[in-house]
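The values are calculated or read from the model by the stated rules, or taken from the named source; none is laboratory data. All figures in this text were calculated on a predicted structure; none of them were measured in a lab. In this analysis, Cβ positions are derived from the backbone assuming ideal geometry, glycine residues included, and neighbour counts consider all displayed protein chains. In case anyone asks, the SASA skips ligands and DNA or RNA and just uses the protein heavy atoms, side chains included. Shrake-Rupley method; radii C 1.70, N 1.55, O 1.52, S 1.80 Å.
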Amino acid sequence: MTAGVLLRATAVTFVAALLQIVIVSSLVIGGGAPDLLLVVVVVLGLLRGSIAGAALGFLGGLVVDVVTLGTLGISSLVLTLAGFWSGRYAETTARDRRVAPLLAVGTITVLAGVFGFVLHYMLGEAVVARHSLVTALLPAVVLNVVLALPVYRLLSALVGEGEGVEAAADVEVMVS
């Protein structure tokens with residue numbers, strides 16, 4: 001990734017984290033709120049690969065954790081994994097698929113919600129399973145999937161599409 005692309009991707013992640021904290025998290029629709037930062041990290045992972053996705057997810061999560069004074073590391077860990085997972089998906093399975101952003105955002109939203117719930121529970125924080133895993137998660141999945149394509153198109157124009165993503169080598173079985 002060139003320095004210009006890295007700078008643009010970092011700026012986009014930082015702005016998305018601030019927008020998530022200030023505006024988007026308060027937009028509760030149907031019991032759940034969209035997660036713009038998660039969608040941005042997943043899309044950047046799809047566009048730039050697993051390492052860039054993980055690094056940008058960590059950056060965005062760290063901004064959220066520091067600004068909101070939440071438990072330091074939970075958002076960072078969840079978003080780091082989300083960026084890495086989406087990058088690996090792009091490098092292996094999602095080659096040339098038009099529905100890749102929708103599938104990645106929907107699946108990773110569910111995984112991030114469950115993983116975040118488990119982390120909070122393991123740390124002994126009071127978390128209501130029904131609210132976290134049903135009431136808030138289902139609308140969040142729908143809202144994130146709705147955001148996926150516009151965010152994907154916008155970020156494709158801003159940070160470029162795929163020239164930095166190196167496809168994983170196909171496995172070949174050798175029989176002698």
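Computed over protein heavy atoms with a 1.4 Å probe, the accessible surface of the chain works out to 54 Å² per residue. Against the chain, whose longest principal axis is taken from its Cα atoms, helix 50-68 shows a tilt of about 20°. Toward the positive end of the charge dipole of the range 60-157, with +1 on the Cβ of Lys and Arg and -1 on the Cβ of Asp and Glu, the farthest Cα among 118, 79, 143 is that of 143.
Counting only Cβ charges, +1 for Lys and Arg and -1 for Asp and Glu, the dipole size of the range 1-156 around its Cα centre is about 400 debye.
Net length available on complete extension from residue 51 to residue 153 is 34.6 nm, with 0.36 nm assigned per residue and the Cα-Cα distance removed.
I need the calculated FRET efficiency for the pair residue 121 and residue 11, taking r as the beta carbon distance and R₀ as 30 Å, to the nearest 0.05. Spell out each step's value before the answer.
Numbers: r = 34 Å, r/R0 = 1.15.
E(calc), rounded to 0.05, equals 0.30.
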